[in-house]
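Accompanying notes for the structure given below.
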Amino acid sequence: MTDPSIADSSATPDGASVPDTAIPDAETPAAQCPYCSRPFRTEQACTLHLGDAHGETWTDDERAAYEAAVDDESDDLFVFHLKVVGALSLLYAVYVLAYMIVLGLQG
Amino acid sequence: MSRSPSIARWALGIVCATVFAGEAAAHAGGLSGTFKPVAVPSWLVVATGGGVIGASFLLTSLVTDHAFIRGVTEWRAALPTRTTARTVAVRGVRWLSVGVLAAIVMIGSTGPSVAAANLAIVGVWAGWWAGYTMTTYLVGNTWPAVNPWRPLAGLGALLRDRVLDRPTRRYPERLGAWPSVVGLVGLVWLEVISPIAQQPRTLVGVIAGYSVVTVAGAVVYGRETWFGVVDPIARVFRWYGRVAPLQRTGRGIEFVLPGGALADGRSGADETAFVVALLWVTTYDGLVATPAWATAIRTVVGWGLPPSAVYLGTAIAGFGCFLYIYRVAARWSRRTADTYVTARYLRDWFAPALVPIAAGYHLAHFLGYFLSLSPALVAVIAQPIAPPAAIRTLVLPAWFGTLQLAFVLAGHMLAVWVAHARSFAIFPGRLAPIRSQYPFVLVMVFYTVFSMWIVGQPYTQPPYL
């Protein structure tokens, strides 16, 4: 009959596979995953990737490096979340003001 | 995900508050005379929509636990189904659907010529394209079971084997889903320019044409290839079905959380184009009925271009424009996420997140249409040959417009969540996945504003048709 792989191409799950990557000619990747050879622009991204994708097979050193990287990222994430809360408050304030002004002008 | 309900309430709260403010003030004004009725200007309503999408992205960015996100998207509950019962039901329904198709063709060609009294028009537009399509993304994709062209193609295949004794031809793989992209844009263009929503005879002609192409194609290339790859209608329902809570798997039927079935799997560039086309055609369908469109098209036709060519040109150009913007967003996302993952991969990876937007827009566009025509649907189904002289339709309350805006917003919020889950599946850590979403969220904010503007426009008959 027909090739089943093309028969239902919208439902082929391969989420676990390695994404296609391309490295610009003038660049060398800062790090490469030793398990799936995916290149990364920063050492930290590679370390975090090890924990997310290869948590079952990694070495103790990699685990220690991962935990340190998670700690590092947590600080950045905290600052980022402060900005998120700030942006949300600003958004809220702008809309409340906009509605007050518009409805006030009409009333 | 835990934030989504609160976002939904917040969004609904804002939109309702804004629109009901006018009504409440009007009632109060009737009581004392000190208050005057106020209306929120439409620019503020659509700007609020854009703000809600931005806010829902900011709120989902607080959910950064990989395991939690996976837990939500991969959560499944198997529903008990009996295999024998299912087989019997599917067979029965399949032949019933052929009967319905035959009835539609028959009544369409011989029945009353008034659109609202003809089973073909009301059945196809209100019953099938509005009502049935809603079930595919709200409940589950049942199209493979009820598609009437499948058993017809089965009969054709039987003839092919018995009489001609020829094997199926191999489908050229490089074509992929592209024929269905062309088919989808073509079908919607045909729906807009031809009177198939008003004249039963024309509709029957289009159905007959589609049937011939579909059955012939399925016989030549095999049913699974045709309905799995080429047929645009089956592909629309398959994508909509992935939004739905009920999913058919190898083991039976599973219940998933909203967007759960969209959070995994990657498809090719042809599928991405199809998803973008799906989003575009739902937009195009609404866009042609706005006053601004009517003005623009009159100007362009005034220069001497034939109207149907202008409609076709805009249908193709709009699709190209949507695809281009999406590609630019994917390229930009590569930079914001600071990654080596290719822009092409990102484009295909995030495409399923667009499907809930199309579904939300479809619901906004067609729920009112379906409800207002539902008494007519019941009447023509009960008496298809001699329908009652006065066909009733429901008059929807004024707050229904608000509900439509809420559906558009809900589709976008689900899309934000799916994109969030997908970004966490592909990028390491917690900041890179969030940063990868910036361009897509920005595009979504503008698209929300655009589609809410369309939904809020008064219906205008598209000119020259």
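Overview of values
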item	result
Criterion: under 30 Å from B:Thr81 (Cα atoms), polar (S, T, N, Q) and within 12 Å of chain A (Cβ to nearest Cβ) - qualifying residue of B:Thr272, B:Thr249, B:Thr168	B:Thr249
The one condition in (1) in a helix (DSSP H, G or I); (2) surrounded by fewer than 23 Cβ atoms within 10 Å (Cβ to Cβ); (3) small (Gly, Ala, Ser) that B:Gly265 fails to fulfil	(1)
Single match in B:Leu79, B:Leu101 (criterion: touching a Gly at 6+ places or on another chain (Cβ under 8 Å) and more than 30 Å from B:Gln437 (Cα to Cα))	B:Leu79
Hits in segment B:283-303 (condition: assigned to a loop (DSSP other than H, G, I, E, B), surrounded by 15 or more Cβ atoms within 10 Å (Cβ to Cβ) and not small (Gly, Ala, Ser))	B:Val288, B:Thr290
A:Tyr95 crowded, with 17+ Cβ neighbours inside 10 Å, within 8 Å of another protein chain (Cβ to nearest Cβ) and in contact with a helix residue (DSSP H, G or I) (Cβ under 7 Å, 6 or more places away or on another chain)	yes
Among (1) assigned to a helix (DSSP H, G or I); (2) farther than 29 Å from B:Tyr210 by Cβ, the one test that B:Ala102 misses	(2)
Sole residue being of a type outside the set (A, V, I, L, M, F, W, C) and at pLDDT below 95, chosen from B:Arg235, B:Arg266	B:Arg266
Every residue from segment B:335-344 that is touching a residue at least 60 places away in the same chain (Cβ under 8 Å) and either within 11 Å of chain A (Cβ to nearest Cβ) or part of a loop (DSSP other than H, G, I, E, B) (or both)	B:Ala337, B:Asp338, B:Thr339, B:Val341, B:Arg344
Filter pass, B:Thr249 being free of Cβ contacts under 8 Å to residues at least 40 places away in the same chain and β-branched (Val, Ile, Thr)	yes
Filter pass, B:Ala353 being more than 28 Å from A:Leu82 (Cα to Cα), in a helix (DSSP H, G or I) and touching a residue at least 24 places away in the same chain (Cβ under 8 Å)	no
Exclusive hit being out of contact with any Phe, Trp or Tyr (no Cβ under 9 Å at 6 or more places or on another chain), part of a helix (DSSP H, G or I), surrounded by 13 or more Cβ atoms within 10 Å (Cβ to Cβ) and free of Cβ contacts under 8 Å to residues at least 40 places away in the same chain, set B:Leu58, B:Leu158	B:Leu58
Residue match in segment A:84-91 (condition: surrounded by fewer than 18 Cβ atoms within 10 Å (Cβ to Cβ), facing chain B (nearest Cβ under 7 Å), more than 27 Å from B:Phe57 (Cβ to Cβ) and not basic (Lys, Arg))	no
Every residue from segment B:221-234 that is more than 7 Å from chain A (Cβ to nearest Cβ) and within 22 Å of B:Arg174 (Cβ to Cβ)	B:Tyr221, B:Arg223, B:Trp226, B:Phe227, B:Val230, B:Asp231, B:Pro232, B:Ala234
Count of segment A:24-68 residues which are part of a loop (DSSP other than H, G, I, E, B), at pLDDT 90 or above and of a type in the set (Val, Ile, Thr)	1
Candidates B:Val281, B:Val206, B:Val220, B:Val213 - the one that is touching a Lys or Arg at 6+ places or on another chain (Cβ under 8 Å) and farther than 23 Å from B:Thr87 by Cα	B:Val220
Residue that is within 14 Å of chain A (Cβ to nearest Cβ), of a type outside the set (S, T, N, Q) and assigned to a helix (DSSP H, G or I), where the choices are B:Val455, B:Val445	B:Val445
Which numbered condition B:Gly140 fails, given (1) in contact (Cβ under 8 Å) with a residue 60 or more places away in the chain; (2) surrounded by fewer than 19 Cβ atoms within 10 Å (Cβ to Cβ)	(2)
Flag if B:Arg422 is buried (at least 24 other Cβ atoms within 10 Å of the Cβ), farther than 20 Å from B:Gly51 by Cβ and either out of contact with any Lys or Arg (no Cβ under 9 Å at 6 or more places or on another chain) or free of Cβ contacts under 8 Å to residues at least 40 places away in the same chain (or both)	yes
Among (1) in a helix (DSSP H, G or I); (2) modelled with pLDDT under 95 - the single one B:Phe255 does not satisfy	(1)
Candidate set from segment A:23-71 (those that are facing another protein chain (nearest Cβ under 10 Å) and acidic (Asp, Glu)); member that is surrounded by the most Cβ atoms within 10 Å (Cβ to Cβ)	A:Asp52
Number of the exception - B:Gly360 against (1) closer than 17 Å to B:Ala269 by Cα; (2) in contact with a His (Cβ under 8 Å, 6 or more places away or on another chain)	(1)
Unique residue being in contact (Cβ under 8 Å) with a residue 24 or more places away in the chain, under 21 Å from B:Val52 (Cβ atoms), surrounded by fewer than 16 Cβ atoms within 10 Å (Cβ to Cβ) and aromatic (Phe, Trp, Tyr) when the list is B:Phe446, B:Phe407, B:Phe440	B:Phe446
Single unsatisfied condition, B:Pro387 versus (1) surrounded by 23 or more Cβ atoms within 10 Å (Cβ to Cβ); (2) modelled with pLDDT under 90	(1)
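The values are calculated or read from the model by the stated rules, or taken from the named source; none is laboratory data. All values reported here derive from a predicted model rather than from experimental measurement. Neighbour counts run over all protein chains shown; Cβ positions are idealised from the backbone, glycine included.
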